Amino acid sequence: MISQELNDQLTRVNPGQPAGEVLRCYWQPAALSDELAGPRPVVPVTLLGEQLVLFRDNDGALGLIGRHCPHRGADLCYGRREDNGLRCPFHGWHFDRTGQCIEQPGEPEGSRMHEQIRTAAYPVVEKNGIIFAYLGPGDPPPFPNFDCFRAPGTHVFAFKGLWECNWLQAMEVGIDPAHASFLHRFLQDEDPKDSYGKQFRDSAADTNIPMTKLLRDYPRPEIRVDETDFGLKLTALRAMENGLTHVRVTNQIFPQAICIPMSREMTITQWHVPIDDETCYWYSMFTSFTQPVNKELMREQRLKEHRLPDYAPLKNKRNDYGYDPAEQARETYTGMGLDINVHDQWAVESMGRIQDRTQEHLGKTDVGIIRYRRMLRAAIAALEDGDEASLPMRGAADVAALAGPLSNDAIADSADWEAASLRADAERRAACPWDAKL
Ligand code: FES
Ligand SMILES: [Fe+2]
């Protein structure tokens, strides 16, 4: 458990808050490209507690500026898309993509007041279906050469979903390899043929053991955590019969993403992005190492579970996440259906909007969470000392050269698990139709 003061430091995201300042040192997902696909490409974005409006101008260029007009606060989401910016419908003040006011058509002729008026504006970059924004000081860091960014657009599908809780507890479920044996347990195994686009439904590594069975049969993983240039590498070892070990490698990408295997074909890179202190979006990039991603099918699967335009899950605390005690007795550990996103959502939302970590009791299998909090505290301390360069991926290492990360399942002789995991990754990369070599 930690003190209330530390819990506040690690969770709060508004400008000036310690964790918020760390998150601002990195590119943050702000919207899906899909959200700007309609006839009017203008969407409200609340990110790290800041109210913004994202738009594409008539030339196709993206802008992200303050949502409330600096004149008297009207909502620029209703702005007129003109020239290279937005014009406020209230009195016609016009803002360009840099946030500069360039016209005040109701002010006296020759007025130069507009030169003094500027609203917030942040750099934005589109990568494989997600629009990233940089809300921090100085120049944004380069993007690493991770698989989700270097794979061609045909091999990456992006989606998002709303969770009604603080970003940190959302992220912490992703660095907790032990929960998969319980929270996501299926009491019956599904035919892996029906597994496309779903997590934990494939068979494990190169076997015909369903992942569901493996996770169920071996619930006590040994978890190893290694520090890397991008964050943490987590290795969960499950000792099986006959001298075999299941090795599952997942990653924490600082400050608030994870990269995990989804199936033998795909990995998931997922950011847990604060809307404000008490709500967050997960943004995922599903990256295929074999065939192009079937985006229509994956979108359709997920749109059945989410409402637009806010991507709120249809199962949520207002309908008890679809909880069915009969199902819990016979089919699933949670009684909340087969979609593992709902399980994770229940786990993190049911803690409360901001988990009260003064009451928690971390065990040995929470080692990833413990190590991550240590990194976040170190980053907060470094920023307070003005030493931004010592943050992961902010100075020391050659960020643009960072590739991977290795993220897969393997089954190997227990003595050989480490080499077997590297081998399985190398084989997948060698057979990949796009250049996935490390
Ligand atoms: S409030 Fe926007 S122009 Fe007046
Ligand atoms: Fe999970």
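Figures for the structure shown
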quantity: E103 long-range amide H proximity, modeled H, under 5 Å; calculated: H94
quantity: Phi to ³J(HN,Hα) by Karplus 6.51 cos²θ - 1.76 cosθ + 1.60 over region 13-25, Hz, x for Gly, Pro; calculated: 10, 5, x, x, 7, x, 5, x, 5, 5, 4, 5, 7
quantity: Size of electric dipole in region 141-430: Cβ of Lys, Arg +1 and of Asp, Glu -1, about Cα centre, debye, nearest 20; calculated: 280 debye
quantity: Whole-angstrom gap from region 248-265 to region 51-121, using each part's C-alpha centre; calculated: 40 Å
quantity: Selection from S284, P274, P221, by position along the positive dipole direction of region 141-430 (Cβ); calculated: S284
quantity: Least to most buried among W417, W93 (fewest other Cβ within 10 Å first); calculated: W417, W93
quantity: At least 24 Å along the helix axis (C-alpha) and Kyte average at least -1.0, DSSP helices within the chain; calculated: 367-384
quantity: Alpha-carbon gyration tensor eigenvalues x 5, square-rooted, for region 180-253, Å; calculated: 23, 15, 11
quantity: No Cys partner within the rule (Cβ under 4.7 Å), the chain; calculated: C25, C77, C101, C148, C165, C259, C280, C432
quantity: Within the chain, helix-based [θ] at 222 nm, where runs of 4 or more DSSP H residues each add -39,500 (n - 2.57), nearest 500; calculated: -5500 deg cm²/dmol
quantity: Calculated log₁₀ intensity ratio I(q)/I(0) where the Debye formula runs over C-alpha points of region 20-137, q = 0.14, 0.21 Å⁻¹; calculated: -0.55, -1.14
quantity: 10 Å-binned pair-distance histogram of region 304-436 (Cα, whole percent); calculated: 9, 19, 25, 34, 13, 1
quantity: Which of Q28, P405, G197, positive extreme of dipole for the chain (C-beta unit charges); calculated: G197
quantity: Whole-number D in µm² s⁻¹ for the chain, Kirkwood Cα-pair radius fed into Stokes-Einstein, 20 °C, 1.002 mPa s; calculated: 93 µm²/s
quantity: Residues whose placed amide H lies under 5 Å from that of K127, excluding near-sequence neighbours; calculated: F132
quantity: Per-residue ³J(HN,Hα) for region 68-76, Karplus 6.51 cos²θ - 1.76 cosθ + 1.60, θ = phi - 60°, Hz, x for Gly and Pro; calculated: 9, 4, x, 5, 9, x, 5, 8, 6
quantity: Note, ³J(HN,Hα) from phi for region 93-110, Karplus 6.51, -1.76, 1.60, rounded to Hz, x at Gly and Pro; calculated: 4, 10, 10, 8, 5, 8, x, 6, 7, 10, 7, 10, x, x, 6, x, 3, x
quantity: At q = 0.11 Å⁻¹, base-10 log of I(q)/I(0) for region 72-218 (Debye sum, equal scatterers on each alpha carbon); calculated: -0.73
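Readers should treat all values here as calculations from the given coordinates under stated rules, not as data from a laboratory. Bear in mind the structure is a predicted one, so any value in this text is a computation, not a measurement. Note that each Cβ is placed from the backbone with ideal geometry, even for glycine, and that neighbours are counted across all protein chains shown.
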